[in-house]
Amino acid sequence: MKQMALDIGLATVPTLTRFFAGPNQAALSHLSLWCNSPTRSPVPTYVWGESGCGKSHLLCAVHDALREQGLKVGCLDANMHNPPLFQEAWTAVLMDDVHLYNLEQQHTAFNWFVNALTPASGMPRWVLAAGALPPADLKLRDDLRSRLGWGHVYALQVLSESERRSVLLQEAQARGVFLSDEVVSFMLSRFSRDLSSLMQLLDNLDHYALQTQRAITIPLIKSMLESE
């Protein structure tokens with residue numbers, strides 16, 4: 001059955017508490033501990049896994065958690081051109097989709113790594129990076145690849161269908177929204193099934209249901225898509 005593409009509405013804000021860990025509890029616990037620790041270890045962390053396993057969610061959640069504490073963070077992803085120079089004011093450096101970095105981005109990432117671990121201030125910064133492959137398999141310059149695999153490395157797993165179903169029901173209950181088994185099955189079979197897309201879909205359904213004063217049903221989902 002062909003899945004519908006999803007590109008509607010606003011996504012929810014990723015947080016560590018909203019991340020359904022499932023088989024990825026070790027990575028979540030590590031990141032939560034780091035974000036909430038008064039004495040943060042500067043040992044780098046790398047998380048990897050296929051699309052939909054929650055890599056970007058975790059990086060965004062860590063970024064927002066640190067910003068809420070009034071801390072400054074440097075960010076680099078594969079879509080960023082002309083990234084800034086390393087700043088001593090940064091508490092951490094976050095790098096997403098490292099497997100897609102071009103030569104210039106690899107150069108920047110390596111320099112950030114060096115400056116983070118041996119800064120002029122003498123206070124090492126944390127590096128959190130994410131990619132689709134384990135460090136040894138990344139098609140990157142050798143010095144950057146070795147640094148990505150130097151510290152903590154976590155392989156993230158995509159949630160099973162039963163786990164995704166549990167997440168949907170949990171999120172709906174938190175919003176005071178009822179989802180029938182039929183509706184959940186429809187959502188899982190017709191839309192992109194990674195969690196970020198499912199949470200985005202639930203956000204839009206909740207909003208559309210409030211606008212139209214209707215319960216969330218399969219006809220309502222089809223109506224919402226037709227209204228876009």
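Restricted to region 35-48, and to residues there that are within 20 Å of the chain's Cα centre (by Cα) and surrounded by 14 or more Cβ atoms within 10 Å (Cβ to Cβ), the residue that is nearest to residue 116 (Cα to Cα) is 44. The residue that is nearest to residue 157 (Cα to Cα), counting only those in region 49-94 that are among the small types (Gly, Ala, Ser) and surrounded by 21 or more Cβ atoms within 10 Å (Cβ to Cβ), is 54. Just one residue in the set 78, 65 is within 22 Å of residue 199 (Cβ to Cβ) and among the hydrophobic types (A, V, I, L, M, F, W, C); that residue is 65. Screening the candidates 188, 210 for the property of being surrounded by 15 or more Cβ atoms within 10 Å (Cβ to Cβ) and either more than 29 Å from residue 50 (Cβ to Cβ) or in contact (Cβ under 8 Å) with a residue 12 or more places away in the chain (or both) yields one hit, 188. With respect to the stated conditions, residue 127 is in contact with a helix residue (DSSP H, G or I) (Cβ under 7 Å, 6 or more places away or on another chain) and either under 16 Å from residue 151 (Cβ atoms) or outside the structural domain of residue 208 (by TED's automatic domain parsing) (or both). Where helices (runs of 4 or more DSSP H) sit wholly within region 90-176, those with at least 2 residues that are among the acidic types (Asp, Glu), touching a residue at least 12 places away in the same chain (Cβ under 8 Å) and under 29 Å from residue 206 (Cβ atoms) occupy 161-175.
For the residues 146, 162, the requirement of being surrounded by fewer than 18 Cβ atoms within 10 Å (Cβ to Cβ), under 25 Å from residue 40 (Cβ atoms) and of a type in the set (Gly, Ala, Ser) singles out 146.
The values are calculated or read from the model by the stated rules, or taken from the named source; none is laboratory data. This one's a predicted model, so the numbers in the text were calculated from it and none came from an experiment. Every residue, glycine as well, gets a Cβ built from its backbone with ideal geometry; the counts of neighbours run over all protein chains shown.
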